[in-house]
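Where a number appears in this text, it was derived from the coordinates with a stated rule and is not lab data. The model shown is predicted, which means the values in this text are computed figures rather than measured ones. Cβ sites come from the backbone with ideal geometry, for glycine too, and all protein chains shown count toward neighbours.
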Amino acid sequence: MCVRLRKEWFILGIVLVIAVARLEPAVGVKGGPLKPEITITYIAVSAIFFNSGLSLKTEELTSALMHVKLHLFVQIFTLVFFPTAIWLFLQLLSITPINEWLLKGLQTVGCMPPPVSSAVILTKAVGGNEAAAIFNSAFGSFLLGSSSSVPFTSIFSQLFMTVVVPLIIGQIVRRYIKDWLERKKPPFGAISSCVLLMIIYTTFCDTFANPNIDLDKFSLIIIVFIIFSVQMSFMFLTFLFSTRNNSSFTPADTVAIIFCSTHKSLTLGKSGDKLL
């Protein structure tokens, strides 16, 4: 039993942080004692990519950067196929009694890029191509942000300071402590997963602290079921496409593709990830 709990600690952690957020949401809301607009948006996300810079070999980053086929697959799926499929699906749902604002919210999330931090952490946690996940999640946010009403400089500076700079610093530090890292093998995956739990906690604090949420239970239950079904369907679809005999993708590439192509965030490059 204890062995099983240790293996599933992250899932249990998610349940725990959501429960804590529900009990006292004021602690983790924006402007609250934890100051997530600083500690999460900047410090936590920077820590994730510094961690990645420490753990990844430079040749892995270089190889991932040149993996054009993987990048094209992810960007086309997440920014073209995904929103188009969701739009078509919502045309059918529009004739149902589901709350129209929930449907509009689903369409909005469907058009967004993958969450930068959690896409990388989840890929790393199951042994996927972490370097490819870094490039694709950051590039998706940059590409969509630069074509939206959000100021280009804001998106660029946010990604540069919280992703690029920490990653480069991590690579520099790695050069000096490489032998120690290979000898001690620090738990990089567990560290990043703990940071993700902090992000999930503050996100749910914001959700539970919102006094204006007034939705009928039918619509809420149905939309949760729809999100789960869409998520599972698209993950299965990307798995099928990326594991075909002529795809040339490795199992690690497939993991990165699944998480970067099908997960969505309402924030362009920031850490308050609303996962779909």
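Here is how the numbers come out for the structure above:
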{"quantity": "Whichever residue in the stretch 29-68 is touching an Asp or Glu at 6+ places or on another chain (Cβ under 9 Å) and in a helix (DSSP H, G or I) and, among such residues, is farthest from residue 190 (Cα to Cα)", "calculated": "64"}
{"quantity": "Residues (crowded, with 16+ Cβ neighbours inside 10 Å and within 28 Å of residue 130 (Cβ to Cβ)) located in the stretch 15-38", "calculated": "17, 18, 21, 28, 34, 36, 37"}
{"quantity": "Every residue from the stretch 61-83 that is among the aliphatic types (A, V, I, L, M) and surrounded by 12 or more Cβ atoms within 10 Å (Cβ to Cβ)", "calculated": "61, 64, 65, 70, 74, 76, 79"}
{"quantity": "Tally, over the stretch 87-138, of residues that are out of contact with any Lys or Arg (no Cβ under 7 Å at 6 or more places or on another chain), assigned to a helix (DSSP H, G or I) and not aliphatic (A, V, I, L, M)", "calculated": "16"}
{"quantity": "Qualifying residue in the stretch 43-59 (condition: surrounded by fewer than 13 Cβ atoms within 10 Å (Cβ to Cβ) and among the hydrophobic types (A, V, I, L, M, F, W, C))", "calculated": "no"}
{"quantity": "Residue in the stretch 84-100 that is surrounded by 19 or more Cβ atoms within 10 Å (Cβ to Cβ) and more than 16 Å from residue 234 (Cα to Cα) present", "calculated": "yes"}
{"quantity": "So residue 54, is it over 29 Å from residue 207 (Cα atoms) and either free of Cβ contacts under 8 Å to residues at least 12 places away in the same chain or not acidic (Asp, Glu) (or both)", "calculated": "yes"}
